[in-house]
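A quick write-up on the structure given underneath.
The values are calculated or read from the model by the stated rules, or taken from the named source; none is laboratory data. Keep in mind that what you see is a predicted model, and the values were worked out from it rather than measured. Note: ideal-geometry Cβ built from the backbone for every residue, glycine included; neighbour counts use all protein chains shown. These accessible areas exclude ligands, DNA and RNA; they are computed on the full protein's heavy atoms, side chains included. Shrake-Rupley method; radii C 1.70, N 1.55, O 1.52, S 1.80 Å.
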Amino acid sequence: QVQLEESGGGLVQAGGSLRLSCAVSGSTLSSNTLGWYRQAPGNQRELVAEINSYGSTAYADSVKGRFAISRDYVKNAVYLQMNSLKPEDTAVYYCNLRPRGVLSRYGTWGQGTQVTVAS
């Protein structure tokens, strides 16, 4: 069974940085697409960043130039480096794993980690 465990969330001031981690067990990173999503109160869950089986990345327009997604095959983990954080980045951040051709909603989700950016 595939399991995802997020960590690294917390409180940070605007303009600061935070690094989220997602530990993956039960599957390999290279055969799947890994994504970071976020959901703020009253909002739908939205894609923040993805990295696919080829290593290609994609980002939401709102975080381009500020966030970076990466993988570590030794630790079997995926990371989200968040720089120049803004109050509007405040949300619960979720890690997602899905095989190619499978929608993220049908993939595996972590429990989420809270990120709060203070102005």
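Taking the criterion of being at pLDDT 95 or above and small (Gly, Ala, Ser), the residues of region 27-41 that qualify are GLY35, ALA40. Identification of strands (runs of 3 or more DSSP E) wholly contained in region 47-119 with 2 or more residues that are touching a strand residue (DSSP E or B) at 6+ places or on another chain (Cβ under 9 Å) and more than 16 Å from GLY16 (Cβ to Cβ) yields 57-59, 67-72, 77-82, 91-98.
Taking region 68-92 as the range and being out of contact with any Phe, Trp or Tyr (no Cβ under 6 Å at 6 or more places or on another chain) and under 17 Å from GLN39 (Cα atoms) as the test, the residues that pass are LEU85, LYS86, PRO87, GLU88, ASP89, THR90, ALA91, VAL92. Here GLY9 meets the list (1) touching a residue at least 24 places away in the same chain (Cβ under 8 Å); (2) open to solvent by less than 60 Å² (accessible area, probe 1.4 Å); (3) more than 14 Å from THR90 (Cα to Cα) almost entirely, failing just condition (3). Selection over region 52-79 of residues that are closer than 17 Å to SER104 by Cα, surrounded by 15 or more Cβ atoms within 10 Å (Cβ to Cβ) and either among the aliphatic types (A, V, I, L, M) or in contact with a helix residue (DSSP H, G or I) (Cβ under 8 Å, 6 or more places away or on another chain) (or both) gives a count of 3.
Could you list, in sequence order, the residues of region 107-119 that are in contact with a Phe, Trp or Tyr (Cβ under 8 Å, 6 or more places away or on another chain), of a type outside the set (Val, Ile, Thr) and open to solvent by less than 60 Å² (accessible area, probe 1.4 Å)? Hits for region 107-119 are GLY110, GLY112. Within the option set LEU103, LEU85, LEU80, being closer than 21 Å to ASN43 by Cβ, modelled with pLDDT under 95 and not β-branched (Val, Ile, Thr) holds for one residue only, LEU103.
Take the residues of region 80-106 that are in contact (Cβ under 8 Å) with a residue 12 or more places away in the chain and closer than 17 Å to SER27 by Cβ: which is most open to solvent (accessible area, probe 1.4 Å)?
ARG100
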